[in-house]
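The values are calculated or read from the model by the stated rules, or taken from the named source; none is laboratory data. Owing to the predicted nature of the structure, the values given are computational and were not obtained by experimental measurement. Here the Cβ positions follow ideal geometry from the backbone for every residue, glycine too, while neighbour counts run over all protein chains shown. Ligands, DNA and RNA are excluded from the accessible area calculation, which covers all protein heavy atoms including side chains. Shrake-Rupley method; radii C 1.70, N 1.55, O 1.52, S 1.80 Å.
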Amino acid sequence: YRAGARVQPVDGGQSEEVYEPATGRVISKLLCSGEKEVDLAVQSAKAAFKVWSQMSGMERSRVLLEAARIIQEQREEIATLETINNGKSIFEARVDIDVSWQCLEYYAGLAGSLAGEHIQLSGGSFGYTRREPLGVCVGIGAWNYPFQIACWKSAPALACGNAMVFKPSPFTPISVVRLAEIFTEAGVPKGLFNVVQGGVATGQFLCQHPDVAKISFTGSVPTGTKIMEMAAKGIKPVTLELGGKSPLIIFSDSVLENAVNGALMANFLTQGEVCCNGTRVFVQREILDAFTEEVVKRTQKIKVGDPLLEDTRMGALINRPHLDRVQGFIKQAKEQGAKVLCGGDLYVPDDPKLKNGYYMQPCVLGNCTDDMTCVKEEIFGPVMSILPFDTEEEVVERANNTKFGLAGGVFTRDIQKAHRVVAALKAGMCFINNYNISPVELPFGGYKSSGFGRENGRAAIEYYSQLKTVCVEMGDVESVF
């Protein structure tokens, strides 16, 4: 999508098949954008930036509000698109679309208030700061929240006066094009939000383009490392939102039902394909048996199947290789001594049209220890590992013993303990007596190998703008020479 219209890339490379996870069928083919197409998209964004960056914050605000209104109006259609291409339940996809329009609404509210400050100096002289846009920003999205991630990146970028070229995952290329059309319909200058399709090569052309001012990436640690290396050559700022292996700590004084609900929310949303999932569930020994029994009972009741049905709570994983990878983790966990308490098997729905879909039963692993692969590495599937602990001091140390630091959660009725523990957790997004709640008002991002920079909240403004300082002399200039 370039300059306000759907186009075929001028130098489309190989074509990739796009699948519907629920059925395994090919729903479209995408042509990967080559270097020339990427350059055209960047030049188109650069031209639109000249117009958009000169508009007032209030003018930009009105356009973003209109885009939010259109998304809200087309919620059902966009959610259905998302479900067909991603495999998550329609119930969840609707929530994603709601979060998306709320994100645009939130940054529309901030756009008119973006300002620098005036600083009085001696002798009537003064200084002031200007908050200025960066230019053409690149967004590279992940396949688990295709539409929502595109909104999380584009809303603050556009509110600050930037243009954006967005590359979705080649697994989920569809819904972002709809977002581009909505921005055009809402009144952004044509070319302000362009979409290029493709994989690694297309991403490299974007990151290395001399006219790109900033890169925001959501995805894996290895890819994030490569993007940072490429950005370093051009001294481009990056925001990286990478993987996680987050701890969820459940103390014996917690409300058991709440803790169980939290553990399910922390592990099984979007078929477990969520970077901030609390997949290491530490349970205090006094309630280990009661908690485990209840979690297993509830997990076995999760309705797996056609994601377009209203009562489905878990759809299909993104593709066959990923499903095989998740299955490999479960096999390895068993070999290392973990016990499969429920699920873990492939699932074949009764409906014949779903027989080639990528389904599995959500899995709970018991008898886990900190040194097992399933406890150390990100599985990115519906697999929960339960680990017993005895003391607060011990669990904090174990929780932090990971290269990741995206999220962490605590369930307890002792509010002092809750705040004490989250203060000690080396993680960027912490939850107390809830999990995987991400309102757009709150900054989101990680510590350590989980990345840096923040999405959402006022914090994101810092990552999509730059500060210019102006010093004004009101008297005669004195020289030391």
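With every protein chain in place, what's the accessible area of His118 (1.4 Å probe, Å², nearest 10)?
Its heavy atoms expose roughly 110 Å² to the probe.
Given the pairs Lys301/Lys417; Lys88/Lys417; Lys236/Lys376; Lys245/Lys339, which are separated by over 24 angstrom at their Cα positions?
Table pairs above 24 Å Cα-Cα are Lys301/Lys417; Lys88/Lys417; Lys236/Lys376.
Using the beta-carbon distance between Phe91 and Phe126 and R0 = 51 Å, what value does 1/(1 + (r/R0)^6) give for FRET efficiency, to the nearest 0.05?
Rounded to the nearest 0.05, the efficiency is 0.35.
Return the aspartates and glutamates within reach of Lys448: Cα separation strictly under 16 angstrom, same-chain partners fewer than 8 residues apart disregarded; answer none if there are no such residues.
Glu241, Glu377, Glu378, Glu397
Once label points are set 7 Å from the Cα along Cα→Cβ at both Arg62 and Phe481, what is their separation, rounded to one decimal in nm?
Placing both labels 7 Å along Cα→Cβ, they lie 5.0 nm apart.
With a cut-off of 13 Å, note down the residues of region 372-394 whose backbone N falls inside the zone around a label point 7 Å from the Cα of Asp253 toward its beta carbon.
Hits in region 372-394 for Asp253 at 13 Å: 392.
Any chance you could run the full-extension gain for Asp324 through Gln72? It's 0.36 nm times the residue separation minus the Cα-Cα distance, nm to one decimal.
Here the segment from Asp324 to Gln72 would lengthen by 87.1 nm.
Just the number please: accessible area per residue for the chain, 1.4 Å probe, all protein chains included, in Å².
Accessible area per residue, the chain: 42 Å².
Counting only helical runs of four or more DSSP H residues, what would the 222 nm mean residue ellipticity of the chain come to if each run contributes -39,500 (n - 2.57) and the total is spread over all its residues?
After summing the helix terms and dividing by the residues of the chain, the value is -12000 deg cm²/dmol.
Quick one: how many Å² of Lys303 are accessible to a 1.4 Å probe, rounded to 10?
Lys303 exposes around 90 Å² with every protein chain in place.
Against the longest principal axis of the chain, how steep is helix 35-52, in degrees 0 to 90 to the nearest 10, with axes from Cα atoms?
Between the helix axis and the principal axis of the chain, the angle is about 60 degrees.
Compute, for Asp351, the solvent-accessible surface of its heavy atoms (probe 1.4 Å) with the complete set of protein chains present, and express it in square angstrom to the nearest 10.
Roll a 1.4 Å probe over it and Asp351 shows about 60 Å².
So how much slack lies between Asp98 and Ile432, counting 0.36 nm per residue of separation and subtracting their Cα-Cα distance, in nm?
117.9 nm is the gain from fully extending Asp98 to Ile432.
Just to make sure I understand: if all protein chains stay in place, what is the order of Ile302, Ile70 by accessible area at 1.4 Å, largest first?
Accessible-area ranking of Ile302, Ile70, largest first: Ile302, Ile70.
Of Tyr447, Tyr128, which has the most accessible area and how do the rest follow, probe 1.4 Å?
Per-residue accessible area, sorted high to low, gives Tyr447, Tyr128.
What are the aspartates and glutamates whose alpha-carbon lies under 16 Å from the alpha-carbon of Lys303, with same-chain residues fewer than 8 places away excluded?
Straight-line reach from Lys303, under 16 Å: Glu92, Asp311, Asp345, Asp350, Asp351.
For the pair Glu310/Val348, report the inter-label distance in nm, with labels modelled 7 Å from Cα in the Cβ direction.
3.0
Give the angle, between 0 and 90 degrees and rounded to the nearest 10, that separates the Cα long axis of helix 146-159 from the longest principal axis of the Cα atoms of the chain.
With both axes taken from Cα atoms, the answer is about 30 degrees.
Quick one: with all protein chains in place, what share of the accessible area of the chain is carbon or sulfur, to the nearest percent (1.4 Å probe)?
Exposed carbon and sulfur together represent 53 percent of the surface.
Tilt of helix 221-233 relative to the longest C-alpha principal axis of the chain, in degrees (0 to 90, nearest 10)?
The helix 221-233 is inclined about 20 degrees to the chain.
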